[in-house]
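What follows is a set of notes on a single structure, which appears directly below.
Each reported figure results from applying straightforward, stated rules to the coordinates on display, with no laboratory input. Nothing here was measured: the structure is a model prediction, and the numbers come from that model. Please note: Cβ atoms are built from the backbone with ideal geometry, for glycine as well, and neighbour counts cover all protein chains shown.
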């Protein structure tokens, strides 16, 4: 490897939720190559860090890409999504929505994609416009003053395991798919354009390693299942279904679903312009 590549450095953001584990769990990087540092945070923090240039490449909320797509390029074939239930983006309601329309919904501060997906669904699917209040991901506290609560990631999973709550749960990934017939992509992997120019070999090493991690993870789920049981609880059957339900590619169906999401977000004023999906060039 050339001295230029060894001098390259890249700081990488890793989403600190189980749904993104397959992209990173088996990540293997050479010790004698460019400096590649991994930092783990929730999506909202990584969104900010990438936009402010604190990191060069990251898994981020799809909505964050839409906000700043002129600054970024997407890494092909890498995403976190579902074509049906996602099991970790959940709206908890005190009353069934077909009987009582929620007036106030507390929403997680952890991810922009899910919050705006909820707004799109409420407006375009249900035809209602509740108030949205940002809150830390604590279901009981969120519901003290609100009719519903949106949780994502590991907090949503843990809340879904609670029994006898009397709450009604809507899986936003499943509802999106039934409504549109399309997949939904919640997170993408984006690189700042200047980082791609400054550290092309480091970026290529990272990209190849993430593809390899994804392939190894999806071909043998057992290591992820064991980790999830140890770290987050639950049983093997739950986690096998969970990881099987997720998608980590970013093919035409995923891109079509995300393009529709961006279109709706633009029409509702959640985004101030149309969004182009732009990828890092091939070798």
Q. For segment 89-180, what's the radius of gyration and Dmax over Cα atoms, in angstrom?
A. 11.9, 33
Q: Please label the shape of segment 125-283 as rounded, prolate or oblate, based on the square roots a ≥ b ≥ c of the eigenvalues of the alpha-carbon gyration tensor (a/c under 1.5 means rounded; beyond that, a/b larger than b/c means prolate, else oblate).
A: oblate
Q: Figure the gain on full extension for residue 29 and residue 48 (residue separation times 0.36 nm, minus the Cα-Cα span) and round it to one decimal in nm.
A: 4.3 nm
(Q) Rounded, prolate or oblate for the chain? Axes are the square roots of the Cα gyration tensor eigenvalues, ordered a ≥ b ≥ c, and the cut-off for rounded is a/c under 1.5. (A) prolate
(Q) Need one number: % antiparallel among DSSP beta bridges in segment 89-180, to the nearest 5. (A) 55 percent
Q: Could you list 191, 231, 45 in order of exposure, starting from the residue whose Cβ has the fewest other Cβ atoms within 10 Å?
A: 231, 45, 191
Q) Under the definition of Cα pairs under 8 Å and six or more residues apart, what whole-number percent is the relative contact order of segment 19-142? A) 24 percent
Q | Exposure proxy order (Cβ contacts within 10 Å, fewest to most) of 180, 109 | A | 109, 180
Q. When the chain is fully extended, how far beyond the present Cα-Cα distance does residue 216 get from residue 164, taking 0.36 nm per residue of separation?
A. 14.9 nm
Q) Quick one: length gained pulling residue 282 to residue 125 fully straight, 0.36 nm per residue minus the C-alpha distance? A) 52.7 nm
**Q.** Estimated FRET transfer efficiency (residue 244, residue 208; beta-carbon r; R0 25 Å; 0.05)
**A.** 0.50
Q.
Given the -39500 (n - 2.57) contribution per DSSP H run of 4+ residues, what per-residue ellipticity at 222 nm results for the chain, rounded to the nearest 500 deg cm²/dmol?
A. -11500 deg cm²/dmol
Q) Hey, what angle do you get for helix 236-245 against the long axis of the chain, alpha-carbon based, 0 to 90 degrees rounded to 10? A) 80 degrees
Q: For helix 252-267, report the angle its Cα long axis makes with the longest principal axis of the Cα atoms of the chain; keep it between 0 and 90° and round to the nearest 10°.
A: 60 degrees
Q | Antiparallel bridges, percent of DSSP beta bridges restricted to the chain (to nearest 5) | A | 55 percent
Q: Any chance you could give the angle, 0 to 90 degrees and rounded to 10, that helix 200-219 forms with the longest Cα principal axis of the chain?
A: 50 degrees
Q) In the calculated pair distance distribution of segment 92-133, what percentage of Cα-Cα distances lie above 14 Å? A) 47 percent
Q.
Using the Cα atoms of segment 1-71, I'd like the radius of gyration and the largest Cα-Cα distance, Dmax, both in angstrom.
A. 13.3, 37
Q. When the chain is treated as a GNM, springs tying every alpha-carbon pair under 10 Å, which of 106, 195, 237 comes out with the largest mean-square fluctuation?
A. 237
Q: Report relative contact order for segment 89-180 in percent, whole number only (criteria: Cα-Cα under 8 Å, sequence separation at least 6).
A: 47 percent
Q) In nanometres, what is the gap between the two model label sites at residue 138 and residue 180, each 7 Å from Cα along Cα-to-Cβ? A) 3.4 nm
Q: Extending each Cα 7 Å along its Cβ direction at residue 229 and residue 101, get the distance between those two points in nm, one decimal.
A: 4.7 nm
Q) Tell me, how many Å apart are the Cα centres for segment 89-105 and for segment 213-283? A) 25 Å
Q | Global form of segment 28-138, assessed from the alpha-carbon gyration tensor, a/c cut-off 1.5 | A | prolate
